[in-house]
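**Q** Take a look at this one; I'll ask things after.
The values are calculated or read from the model by the stated rules, or taken from the named source; none is laboratory data. Please read these numbers as outputs of a predicted model, since none were measured by experiment. In this analysis, Cβ positions are derived from the backbone assuming ideal geometry, glycine residues included, and neighbour counts consider all displayed protein chains. With ligands, DNA and RNA removed, areas are computed over all heavy atoms of the protein, side chains included. Shrake-Rupley method; radii C 1.70, N 1.55, O 1.52, S 1.80 Å.
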Amino acid sequence: VHAAGGSFMHREIHEQPQSTERALRGRLDERFGTAHLGGLNMDPRETRAIRRVKILGCGSAYYVGQMGASLVEELARIPADAEAASEFRYRNPIIEPDTLYVAVSQSGETIDTLLAVQEIRRKGGRVIGLVNVVGSAIARECDGGIYLHAGPEVAVASTKALTNMFVGFALLALQLGRVRDLSIADGKRLIAGLNRLPGQIAEILEQEEELAAAAARLAEADSLFFIGRVRGFPVAREGAQKFKEISYRHAEAYQTSELKHGPLALIDEALPTVAVVPSDELTDRNVGALHEIAARRGPLVVVTHEDVDLGELDAVRIAVPRNERELDPILLTVPLQLLAYHAALHLGLDIDKPRNLAKSVTVE
Ligand code: BG6
């Protein structure tokens, strides 16, 4: 399978152990259990004054923004949410002085995100950027930021930049948390978890053969569901986005908890579900939902942890290594990149340049 990877996307997926390490380098303060983010241009007093975090991005950057919002809420206990930048500026947003706005963009050139940044700054708000391309328009317009250090990303579907966006959010949440109530022990626990990510991503990439086999079967379906809940839901959304972008199959994400409120009506042997089931306080409920799907003969691929007991469930099981629960979402995302990649490869599609899409959309 590895030899099949002549595309940029394949190369970029496999670069992630190194690129995540670059995102962390020099930014971890082991002694105080916090992050060093000099580019934020905020002193501790300003950092403490933040009462809300609003994250803006488009496409995958928006979905990873939802993962980032959970990190901020869990680690810093500051209310946080993510919104599509393309929608935000059209609803005359209320800009508050004690909100930290975060613009997320690989290219730093996405027009919807750039115009959202300009709208916020015009109204006196403070915006930081999580941006990959150094010196890009969004990076220049922000009050400060965190460069992603993913290196050049060529494939339209974002992989290594997205992973570093997650790491950037973890560092930001750690710093916001450590000027508030996050303990030094918890800070150190998170730092140890972050340091484990590169090796754990490498372990997941070793399962490429199983993922390729599962992807080939999924690619035969016209339509798929991706499901997850709470921390797992943005993972499912990102997984569906990747799959539809490059395989041109209809892929839709739902909260697992919403299945019985509608989507279950569609489940049969022709509609596979990719389920994100981390080992957490919701595992039993999630596994219960999978049995509902299996009872209706829906094919299942379950991305989960080793210790999760699926019972007698008839499913393809992909286990990822466990990290700290806050950091699990990014490890659960990596197999979904390979599922999308191998589905598109199986279908013989142009993986790096999917039809109708551009790497960055710079016109309105
Ligand atoms: C879209 C791309 O047009 O832009 C997505 O198709 C990407 O893959 C999104 O996630 C945002 O791009 P950027 O450069 O702002 O992260």
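**Q** Quick one: if you take sqrt(5λ) for each eigenvalue of the C-alpha gyration tensor of the range 272-321, what semi-axes come out, biggest first, whole angstrom?
**A** For the range 272-321, the ellipsoid semi-axes come out as 16, 12, 9 Å.
**Q** Okay, next question. Averaging over all projection directions, find the projected area of the Cα convex hull of the chain and quote it in nm² with one decimal place.
**A** About 16.9 nm², averaged over all directions.
**Q** Say each of ASP280 and ALA49 gets a label point 7 Å from the Cα, pointing the same way as Cα to Cβ; how far apart are those two points in nm?
**A** Spacing of the two 7 Å Cα→Cβ label points: 3.3 nm.
**Q** Taking the mean number of other Cβ atoms within 10 Å as a proxy for protection, how do you rank 347-356, 77-86, 214-223 from highest to lowest?
**A** So the peptides 347-356, 77-86, 214-223, ranked by packing, come out 77-86, 214-223, 347-356.
**Q** On to the next question. Sticking to Cα atoms, compute the Rg of the range 130-221 to one decimal and its Dmax as the biggest Cα-Cα distance, whole number, in Å.
**A** Spelled out, the Cα radius of gyration and Dmax of the range 130-221 are 17.3, 50 Å.
**Q** Can you give me the long-range amide H partners of GLY108? Hydrogens built in the peptide plane at 1.01 Å from N, cutoff under 5 Å, separation of 5 or more residues or another chain.
**A** It is ASN132, VAL133, by chain and number.
**Q** Okay, moving on. As an exercise, find the ratio Rg/Rh for the range 305-364 from alpha-carbon atoms, using the Kirkwood inverse-distance average for Rh.
**A** Using only Cα positions, Rg/Rh for the range 305-364 is 1.13.
**Q** Whole number please: convex hull volume per residue of the Cα set in the range 1-103, in Å³?
**A** Considering the Cα atoms of the range 1-103, their hull volume per residue is 147 Å³.
**Q** Given the Cα-Cα distance of HIS291 and LEU313 and 0.36 nm per residue of separation, how much length would full extension add, in nm?
**A** So the chain would gain 7.3 nm between HIS291 and LEU313.
**Q** Further question on the same structure: Hey, what's the Kirkwood Rh for the range 59-135 if you take every pair of different alpha carbons, in angstrom?
**A** Evaluated over the range 59-135, this radius sits at 12.8 Å.
**Q** To the nearest whole percent, what portion of all C-alpha pairs in the range 33-191 is separated by more than 26 angstrom?
**A** Above the 26 Å cut-off, the range 33-191 has 18 percent of its Cα pairs.
**Q** First measure r as the distance between the Cβ atoms of HIS36 and ALA270, then evaluate 1/(1 + (r/R0)^6) with R0 = 45 Å and state the FRET efficiency to the nearest 0.05.
**A** With R0 = 45 Å, the Cβ-Cβ based efficiency is 0.30.
**Q** What's the percent breakdown of Cα-Cα distances in the range 154-277 across 10 Å bins, shortest bin first?
**A** 11, 32, 32, 19, 6, 0
**Q** Per residue, how much accessible area does the chain have with a 1.4 Å probe, in Å²?
**A** With all protein chains present, the chain gives 41 Å² per residue.
**Q** Please list log₁₀ I(q)/I(0) at q = 0.24 Å⁻¹ for the range 229-331, using the Debye equation with identical point scatterers on the alpha-carbon positions.
**A** Per q value, in the given order, log10 I(q)/I(0) is -1.51.
**Q** Pairs of alpha-carbon atoms within less than 8 angstrom and 6+ residues apart define the contacts here; what relative contact order does the chain have, in percent?
**A** 19
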